[in-house]
1. What distance in nm separates the simple spin-label points at ALA184 and HIS98, each placed 7 Å from Cα in the Cβ direction?
2. Running Debye on the range 1-112 with equal point scatterers at the Cα sites and no solvent, what base-10 log of I(q)/I(0) appears at q = 0.11, 0.24 Å⁻¹?
3. Using a 1.4 Å probe on the protein heavy atoms, what percent of the accessible area of the chain belongs to carbon and sulfur?
4. Between GLN71 and ASP114, what is the label-point separation in nm under the 7 Å Cα-to-beta-carbon projection?
5. Nearest 500 deg cm²/dmol is fine: what mean residue ellipticity at 222 nm does the chain get from its DSSP H runs of n ≥ 4 alone, each adding -39,500 (n - 2.57), divided by its residue count?
6. So, for the chain, what is the accessible surface per residue at a probe of 1.4 Å, expressed in square angstrom?
7. Cross-link partners among lysines for LYS59, C-alpha distance below 25 Å, same-chain residues fewer than 8 apart left out?
8. How much length would be gained if the chain were fully extended between THR170 and ARG28, taking 0.36 nm per residue of separation minus their Cα-Cα distance, in nm to one decimal?
Amino acid sequence: MNRSRASAGLPPITPELVVDAAVRLTVRDGLEGWSVRQLAAELGVGAAVVYHHVGDRQKVTMAVTERVIAQVPVPGADLPWRDWFGALLSDVRKVALHYHGVARQMVLLGPVVDAAREIIGEGVGVLKAAGFGDEAATIYSFLVNTAFNLIAVEDDRNAQPESRLEHARTLADLADEQGGSGLAAMGEWLRARSTDLDKLRAYDAEFYRYCVERALDGAQARLVAIRRRRR
């Protein structure tokens with residue numbers, strides 16, 4: 001046990017305590033916003049203690065990601081496949097946006113096996129039961145990756161609020177462009193939102209729901225094609 005922790009009456013370091021501290025730092029600074037040395041300082045120990053209990057920074061970030069994904073509730077297996085994924089992807093966004101950088105981690109490295117095991121198993125099972133057959137795993141990946149890509153972009157935008165507002169104002173100025181161009185239409189659309197970060201973020205939620213619904217439409221169309229092929 002580290003002497004400074006012992007003198008402060010703190011419990012011995014465990015892997016769980018290391019990950020707890022890393023989660024706190026992720027909420028505060030983002031997944032890429034802290035170092036192993038800063039994590040060790042948060043715990044009141046040397047960096048070697050972190051390496052001993054969990055491993056290098058990559059292992060710690062994977063443990064943080066696993067902790068976050070474990071917070072996503074698994075929808076009831078009795079739901080129709082489209083409702084199941086609608087519920088899942090809504091909850092994924094609610095959870096992931098609290099931990100800046102986790103969505104991008106999921107996009108780049110894929111699922112954390114232990115935390116996502118139940119979700120993947122249930123999700124692929126729901127799709128197979130709906131008739132997607134051998135394409136169930138691919139459709140699952142398509143829907144979940146679509147969601148995490150959208151969340152990762154929104155997450156990055158939230159980390160740069162002033163830059164986002166400035167860019168929105170620049171685009172809004174294009175509303176006065178002559179000729180009815182696409183940029184003018186986009187500028188007109190942004191004009192009512194460009195001065196209010198809350199409105200931009202509300203649109204992020206609206207756009208996320210829209211894209212998820214369109215992705216589900218695409219999966220539904222594919223299911224129709226699969227059923228036709230089997231006739």
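The values are calculated or read from the model by the stated rules, or taken from the named source; none is laboratory data. Note that the structure is a prediction, hence the values are computed from the model and not measured. Please note: Cβ atoms are built from the backbone with ideal geometry, for glycine as well, and neighbour counts cover all protein chains shown. Only protein heavy atoms, including side chains, enter the accessible area calculation; ligands, DNA and RNA are left aside. Shrake-Rupley method; radii C 1.70, N 1.55, O 1.52, S 1.80 Å.
1. 4.7
2. Values, matching the q order: -0.42, -1.27.
3. 53
4. Result for the modelled spin labels: 1.8 nm.
5. -23500 deg cm²/dmol
6. 55
7. Those lysines meeting the cut-off are LYS94.
8. 48.1 nm
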